[in-house]
Amino acid sequence: MTADRADAPTTAPAALRDEHDGPAGTLVPGYSSPGARPVPWDDVRRVLERAEISWISTVRPDGRPHVTPLMTVAADGCLHVTTGPRERKARNLAQNPRVVLTTGTNAYVDALDVVVEGEAVRVVDEAALLRLAERWRCKYGDDWAFTVRDGSFHHADGGEARVFAVRPVVVFAYGRTTEHAAMRWVLDDGRPPLG
């Protein structure tokens, strides 16, 4: 992946960890049931990779938050999102790349919600974009088929979509079954957590 910011990484992170080598998380007792079992990283990873809709939170130049739903694709250790070049989230990311991605369910029981903190870095490398375009088509169908040119996705209807990679830095998971388990992972060891 190549970034359009001078200080951003210019190479793609390694592949996500498999279920046998996931990062170590911390159970947060104050938000968990007494004796709650930790949420397995593999469950969290599966939710992130399978989510059809996530919510992205960005910050407007005046400091006000902006939240909107969007589609995500997991690849190269990151969650990938798209935005039109003139959309509010694109303008926000140009000023402040810090984001929060949230997904899960609005159910109270038998639910797992996941919150990812990270920075959105624009992907402009043609080979990476071609791989991501194929993943978008496979996950969301032919209505979401893109061509790649000039460092962006292009849709048959003429729309342009810029692609951003969000490498998880901090991940929270909130599992609710017969017990509640709140988990936190700080992913600062340089090893990407997603596939």
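Coordinate-derived values only; no laboratory data. What you see is a predicted model; the values in this text were computed from it and never measured. Ideal geometry is used to build each Cβ from the backbone, glycine not excepted, and the neighbour counts take in all protein chains shown.
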Shape parameters for segment 37-105, alpha-carbon atoms, Rg then Dmax in Å: 13.4, 45
Can you tell me the equivalent ellipsoid semi-axes for segment 99-162? Use √(5λ) from the Cα gyration tensor, largest first, whole Å. 28, 16, 10
Over the alpha carbons of the chain, what is the largest minus smallest coordinate on each principal axis, giving the biggest first in Å? 53, 39, 34
GLN95 versus ILE53, label points 7 Å from Cα toward the beta carbon: distance in nm? 2.7 nm
Let me have the relative contact order for the chain, percent, based on Cα pairs under 8 Å that are six or more residues apart. 30 percent
Placing +1 on the Cβ of each Lys and Arg and -1 on the Cβ of each Asp and Glu in the chain, which of PHE153, THR178, ILE56 has its Cα farthest towards the positive end of the resulting dipole? ILE56
